[in-house]
Amino acid sequence: MSIKTRVTEMLGIEHPIIMAGMNWATMPRIVAAVSNAGGLGILGAGAFTKESIKTAIAEIRSQTDKPFGVNLTLALPGAKDLVQIVLEQKVPVINVALGRVADIIKAVHGYGGKVLATVAMAKHALYYEKDGADAIISTGYEAGAHAGNAGGLVLIPSIASKVKVPVIAAGGFTSGKGLVAALALGAEAISMGTRFAITQESDASDGYKEGCIKATEEDTILSDRFDGINCRVVKTKRADVLLKRRFAMVEAVSSAFRFKRELDLSWGEIIKGGLSMSQAQGRSITDMPILAAGLSEMQKGYSTGDGTRGLFLAGQSCGGINDIPTCKEVIDKVIAEAEEAMAALNKKFKSK
Ligand SMILES: Cc1cc2nc3c(=O)[nH]c(=O)nc-3n(C[C@H](O)[C@H](O)[C@H](O)COP(=O)(O)O)c2cc1C
């Protein structure tokens, strides 16, 4: 049996399973692996410059002929230029977050692509639907990284009852039982971040993967202390330190300089990004260096795997993850479990 929904039909994928785009964690190899296994792999664009993203897209295309996506956090500095390149490359699926998108959606639809909009509140889902988004990714409280205030059990049916486009459920999903629950709540696919970050093809360090596996569902913290926006990370020594003190301005500004250099951004782009970030989040442009310092901590967490030096972005779903499989093994297991769970429910609760 296979599970077909409006999302599988619309995106041309075999299974209703998406890998969330994660900056620095979802690089070309894992994107292609997820798409080749019948899901939708999404590249996190934030780790790339205008030049390197073209190479990354070409690399994905050399490894798969299946649909794939690119995640664009629109409020980040330099995002507008990345959007331009992603549109020129006619990437099949664009996943947008934190920014208004009507023009982008029109351009993507112009070449036959699809747009998935990530939200953590039902009212934002309505804005994106009005702008023409093809599906909404509902991000619950359980999620790794930037999570909402409402749990999935409440948020998924709330959004599904308000929009006509399909909903993709994110936050806390690792298993086939989770997929069945999401379908029952009105979603038509799941998007998993933490689960895919802990796979063979993930570029995150072994220390990050092991740290997440050790963590239980109790061992993550959601706080705005890390990068200025509510963000969920694993409880590590570094997370404890950052919870107790704010970044020193000098530390924050030096991170902003580093990102400017690494991502080849102009000060104009940094200021524009800061302004749109502050509009999107109701924050001040002076929070920009704090965001840069937080991103730097996250990048250190992935690459060093040392919980005393960097942050491990991950969700409560850590509690359901005990192994480091391939992406294909993850997808095959989720689908097999979902089929079993549906059959078991039918058997157990058959109406008389
Ligand atoms: C390691 C990691 C990095 C993430 N990076 C991004 C990102 O760059 N952009 C984004 O929109 N969401 C990002 N997210 C959030 C995911 O899009 C998604 O909301 C979340 O992973 C879903 O919850 P889960 O981790 O329980 O599956 C990240 C999540 C994780 C775990």
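On a 1.4 Å probe surface of the protein chains, which of 109, 15 comes out largest in accessible area, and what is the full order?
Working: 109 75, 15 20 Å².
Descending order: 109, 15.
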Quiz prompt | Amide H contacts under 5 Å for residue 201, placed H, 5+ residues apart | solution = 327
Exercise. Report the label-to-label distance for residue 308 and residue 162 in nanometres (one decimal), using points 7 Å from each Cα along the Cα→Cβ vector.
Key: 4.6
Quiz item: Near the amide H of residue 135, under 5 Å away, which other amide H atoms are found, from residues 5 or more places off or on another chain, if H is placed in the peptide plane?
Solution: 115, 117
Quiz item: Is any residue of the stretch 323-348 close enough, with backbone N under 11 Å, to a label point placed 7 angstrom from the Cα of residue 213 along the Cα-Cβ axis, and if so, which?
Solution: 323-325
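Before rounding to the nearest 500, sum -39500 (n - 2.57) across all DSSP H runs of length at least 4 in the chain and divide by the residue total; then give [θ] at 222 nm in deg cm²/dmol. Could you put the intermediate results ahead of the total?
On the way: 15 runs with 167 residues, N = 352.
Calculated at 222 nm, the ellipticity per residue is -14500 deg cm²/dmol.
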Exercise. Be a star and scan the stretch 302-317 for residues whose amide nitrogen sits under 14 Å from the point 7 Å along the Cα-to-Cβ vector of residue 237.
Key: 305-311
Quiz item: Put +1 on the Cβ of each Lys and Arg and -1 on the Cβ of each Asp and Glu in the stretch 82-238; which of 205, 193, 157 then has its Cα farthest toward the positive end of the dipole?
Solution: 157
Quiz prompt | Whole-angstrom gap from the stretch 152-213 to the stretch 73-93, using each part's C-alpha centre | solution = 24
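What net charge do the residues around residue 111 carry, taking every other residue with its C-beta under 12 Å from that of residue 111, with Lys and Arg at +1 and Asp and Glu at -1?
+2
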Quiz item: Just how much of residue 128 is accessible, in Å², when a 1.4 Å probe is used and the result is rounded to the nearest 10?
Solution: 20
Quiz prompt | the chain pair-distance distribution - Cα-Cα, 10 Å bins, rounded % | solution = 6, 26, 37, 24, 6, 1, 0
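Taking a threshold of 26 Å on the Cα-Cα distance, which of the pairs 328/350; 300/333; 177/347; 66/162; 80/114; 4/66 fall above it?
On the way: 328/350 33 Å; 300/333 31 Å; 177/347 15 Å; 66/162 31 Å; 80/114 18 Å; 4/66 17 Å.
Cα-Cα > 26 Å for 328/350; 300/333; 66/162; rest within.
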Practice problem: Treating cross-link reach as a plain straight distance, find the aspartates and glutamates whose alpha-carbon is under 20 Å from the alpha-carbon of residue 209, omitting any fewer than eight places away in the same chain. | Solution: 142, 201, 217, 218, 219, 240, 297, 306, 323, 329
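Using the Kirkwood radius built from alpha carbon pairs, what does the Stokes-Einstein equation give as D for the stretch 55-110 at 10 °C and 1.306 mPa s, in µm² per second? Please list the in-between numbers first.
Working: Rh = 11.8 Å.
Rounded, D is 135 µm²/s.
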Quiz item: Measuring from label point to label point, each 7 Å out along Cα→Cβ, what is the residue 100 to residue 333 span in nm?
Solution: 4.4
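Give me the number: length gained by fully extending residue 51 to residue 347, i.e. 0.36 nm times residue separation minus the C-alpha to C-alpha distance, one decimal in nm. Mind dumping the intermediate values first?
On the way: separation 296, 0.36 × 296 = 106.56 nm, distance 5.48 nm.
Extending this stretch completely gives an extra 101.1 nm.
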Quiz item: Amide H neighbours of residue 95 under 5 Å, counting only residues 5+ apart in sequence or on other chains, H built in-plane at 1.01 Å?
Solution: 70, 71, 72, 116
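Roughly how many debye, to the nearest 20, is the charge dipole of the chain about its Cα centre, given +1 on each Lys and Arg Cβ, -1 on each Asp and Glu Cβ, and no other charges?
Working: 41 positive and 36 negative charges, 139 e Å.
In total the dipole reaches around 660 debye.
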Exercise. Give the Cα extents of the stretch 1-149 along the principal axes, in whole Å, largest first.
Key: 44, 39, 32
Exercise. Could you calculate the FRET efficiency of residue 126 with residue 80 from 1/(1 + (r/R0)^6), where r is the beta carbon distance between them and R0 is 25 Å, rounded to 0.05?
Key: 0.55
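The values are calculated or read from the model by the stated rules, or taken from the named source; none is laboratory data. Please read these numbers as outputs of a predicted model, since none were measured by experiment. Positions of Cβ are generated from backbone atoms using ideal geometry, with glycine treated the same way; all protein chains shown enter the neighbour counts. Calculation scope for accessible area: heavy atoms of the full protein, side chains included, ligands and nucleic acids excluded. Shrake-Rupley method; radii C 1.70, N 1.55, O 1.52, S 1.80 Å.
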